[in-house]
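Okay, so here's the structure we're looking at.
The values are calculated or read from the model by the stated rules, or taken from the named source; none is laboratory data. The model shown is predicted, which means the values in this text are computed figures rather than measured ones. In this analysis, Cβ positions are derived from the backbone assuming ideal geometry, glycine residues included, and neighbour counts consider all displayed protein chains. These area figures cover heavy atoms from the full protein model, side chains too; ligands, DNA and RNA do not enter into them. Shrake-Rupley method; radii C 1.70, N 1.55, O 1.52, S 1.80 Å.
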Amino acid sequence: MAPTKHSWFSPSAAAANIACPARAKLNTDKDTSNVYADEGTTCHKAVEDIDQKGSHNQTLTTDWQEQAITDALAQRRKLFDSMAFGVSVSVYEQQVDLGAYGRPDVFGTVDLITYKADTKHLLILDYKFGQGIHVIAKGNEQLMTYALGALTLYPDAQKVTMVVVQPRVY
């Protein structure tokens, strides 16, 4: 799992921070964790473990988590199959920053970056395990921030696809 340090201008709060720039500075010392965030973090860790090791040892605290994890993995596999992402490099929980753009203090952790070198296709994937709020990938400030940072790691990329996998929204 990635480092727990948070940027003062967190990509996950990019939309709110762009709408109100002072918000980012005012919220720098606040602990944003809560029971729902912790449940989501557990699901993120489990998905990563299953993809990399075939199983997970996370302690699930709610009835919905196992099904959400299974559904998230199925959605991700279906996406990869539809995009022919068979042979590619995938990196979980990759910290990216905007240092190349003059903002090293703006950084965040991407759930999954996949790069297919032969087609120069970069995929930014964000898992959302919350219920009820449908997050749209198109025009999503968080994903665009992640994509900018990921492009510094994969500068040959010519196509970027940003995806949100949300197993509990439907």
| task | Within segment 144-170, which residues have the backbone N less than 19 Å from the label spot 7 Å out from residue 134 along Cα→beta-carbon, could you tell me? | result | 162-170
| remark: Of the accessible area of segment 41-142, computed with a 1.4 Å probe and all protein chains kept, carbon and sulfur make up a percent value of 50
| remark: The Cα extents of segment 57-170 along the principal axes, largest first and rounded to whole Å, are 43, 33, 29
| For segment 91-162, with every protein chain kept in place, what is the accessible area per residue (1.4 Å probe, Å²)? | 47
| query | Summing Lys, Arg as +1 and Asp, Glu as -1, what charge do residues with Cβ under 13 Å from the Cβ of residue 80 carry, residue 80 excluded? | reply | +2
| query | By the scheme Lys and Arg +1, Asp and Glu -1, what is the net charge of all other residues having a beta-carbon under 14 Å from that of residue 130? | reply | -3
| field | In sequence order, calculated HN-Hα J values of segment 95-104 (Karplus, 6.51, -1.76, 1.60; Hz; x Gly/Pro) | value | 7, 10, 9, 9, x, 5, 9, x, 10, x
| Relative contact order (percent) for segment 31-116, with alpha-carbon contacts under 8 angstrom and 6 or more residues of separation? | 21
| task | Within the set of other residues whose C-beta is less than 15 Å from the C-beta of residue 65, count the net charge using Lys and Arg as +1 and Asp and Glu as -1. | result | -4
| said: Between residue 36 and residue 59, what's the calculated FRET efficiency when r is the beta-carbon distance and R0 is 22 Å? Round to 0.05. | reply: 0.85
| message | Give the residue list of trypsin sites (Lys or Arg not before Pro) in segment 39-148 that are DSSP loop and have at most 10 other beta-carbon atoms within 10 angstrom. | response | 138
